[in-house]
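Chemist: Take this structure first; my questions come after.
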Amino acid sequence: NAGVTQTPKFRILKIGQSMTLQCTQDMNHNYMYWYRQDPGMGLKLIYYSVGAGITDKGEVPNGYNVSRSTTEDFPLRLELAAPSQTSVYFCASLDKASQPQHFGDGTRLSIL
Amino acid sequence: AQSVTQLDSQVPVFEEAPVELRCNYSSSVSVYLFWYVQYPNQGLQLLLKYLSGSTLVKGINGFEAEFNKSQTSFHLRKPSVHISDTAEYFCAVSEDTGRRALTFGSGTRLQVQP
């Protein structure tokens, strides 16, 4: 049972490039989340999904897009990378009937 | 909307001394409460959670926390710390309905000195 898997673990991008952060879970959880953690700070919610085909914005959605075509996958897309998006990104999933959220190991992204 | 305040950004303490990391929250609905630990360049590890029932919650590594509804607090305690407890600690809350997302505090860095 792999839990929540994030790829890649590390990435360096140039300003203006685009990329997709992958997140997949094998627990059949309906809820999935993307958070970002800036240095010395707590995590902030970017986007979330309550089921396949349903997504919504969190507190810091600007510059990001998501999709949820299957229960398992919840990719996060950066279209035009900016230095302000340098951060560590965490994906998480949740079973509605049970707490807590299950976190992936994170993706460390640097934009230069 | 909900919010979490961790009152201390850094807490230095000597090894084998007791420690308390403070957390206050605000929410207009019922919440679940959590403490996470993060070691340098690593992910989040759940220390403990309060969902319902007894207000004193015991977690891993000898940590415990007490939920105080009247003071909207969820302070984390350990009676005797070790060098290996040096890390960043995050308090978080989640509503029990709706999007169920976590709202995190800004973190408290626990520095255990020999």
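Chemist: Out of all DSSP beta bridges with both ends in the protein assembly as shown, state the antiparallel percent to the nearest 5.
Modeler: In the protein assembly as shown, approximately 90 percent of DSSP beta bridges are antiparallel ones.
Chemist: OK, next. On average, how much accessible surface per residue is there in chain B, in Å², for a 1.4 Å probe, leaving out ligands, DNA and RNA?
Modeler: Value for chain B: 47 Å² per residue.
Chemist: Can you figure out the FRET efficiency of A:Arg108 with A:Glu79, using R₀ = 22 Å and their beta-carbon distance, to the nearest 0.05? Let's see the in-between values first.
Modeler: Values: r = 20 Å, r/R0 = 0.90.
For A:Arg108 and A:Glu79, the calculated efficiency is 0.65.
Chemist: Now a separate question. Compute the relative contact order of chain B as a whole-number percentage, counting only Cα pairs closer than 8 Å that sit 6 or more residues apart in sequence.
Modeler: About 37 percent, as a whole number.
Chemist: Let me ask another. How much of the DSSP bridge set in chain B is antiparallel, in percent, rounded to the nearest 5?
Modeler: If I count the DSSP bridges inside chain B, around 90 percent turn out antiparallel.
Chemist: Also, I was wondering about something else. Within the set of other residues whose C-beta is less than 10 Å from the C-beta of A:Tyr64, count the net charge using Lys and Arg as +1 and Asp and Glu as -1.
Modeler: +2
Chemist: To continue, here is another question. Tell me, how many Å apart are the Cα centres for the stretch A:23-67 and for the stretch B:44-82?
Modeler: 26
Chemist: So for the pair A:Asp56, B:Glu66, with labels modelled 7 Å out along Cα→Cβ, what separation do we get in nm?
Modeler: Roughly 3.6 nm, to one decimal.
Chemist: Still on this model: Please report, as a whole percent, how much of the solvent-accessible surface of the protein assembly as shown comes from carbon and sulfur atoms (probe radius 1.4 Å). Numbers along the way, then the final one.
Modeler: Numbers: 5310 of 10710 Å².
Heavy-atom surface of the protein assembly as shown belonging to carbon and sulfur, 1.4 Å probe: 50 percent.
Chemist: Related question: Please compute the contact order of chain A in relative form: average sequence separation of alpha-carbon pairs under 8 Å and at least six residues apart, divided by the residue count, as a percent.
Modeler: 36
Chemist: May I pose another question? Per residue of B:96-108, how many C-beta atoms from partner chains lie within 10 Å of its own C-beta, taken as a mean?
Modeler: Values: counts 1, 0, 1, 9, 9, 13, 12, 5, 7, 3, 3, 5, 0.
Across the residues of B:96-108, the mean count of other-chain Cβ atoms within 10 Å is 5.
Chemist: Still on this structure, please answer the following. Which lysines have a Cα less than 18 Å from the Cα of B:Lys69, not counting those fewer than 8 places away in the same chain?
Modeler: The qualifying lysines are B:Lys49, B:Lys58.
Chemist: Further question on the same structure: Among rounded, prolate and oblate, which fits chain B when a ≥ b ≥ c are the square roots of the eigenvalues of its C-alpha gyration tensor, a/c under 1.5 means rounded, and a/b larger than b/c means prolate?
Modeler: prolate
Chemist: Here is a further query. Looking at the square roots a ≥ b ≥ c of the eigenvalues of the Cα gyration tensor of chain A, which shape do they give, rounded for a/c under 1.5, prolate if a/b is larger than b/c, or oblate?
Modeler: prolate
Chemist: Identify the GluC sites (Glu not before Pro) of the stretch B:1-106 meeting these criteria: DSSP loop state and at most 15 other C-beta atoms within 10 Å of the C-beta.
Modeler: When the GluC sites (Glu not before Pro) of the stretch B:1-106 are filtered for loop state and at most 15 Cβ neighbours within 10 Å, B:Glu15, B:Glu16 remain.
The values are calculated or read from the model by the stated rules, or taken from the named source; none is laboratory data. Small disclaimer: the values here were computed from a predicted structure and weren't measured. Neighbour counts are summed over all protein chains in view; Cβ atoms, including those assigned to glycine, are modelled from backbone coordinates with ideal geometry. Side chains included, ligands, DNA and RNA excluded: accessible areas come from the protein's heavy atoms. Shrake-Rupley method; radii C 1.70, N 1.55, O 1.52, S 1.80 Å.
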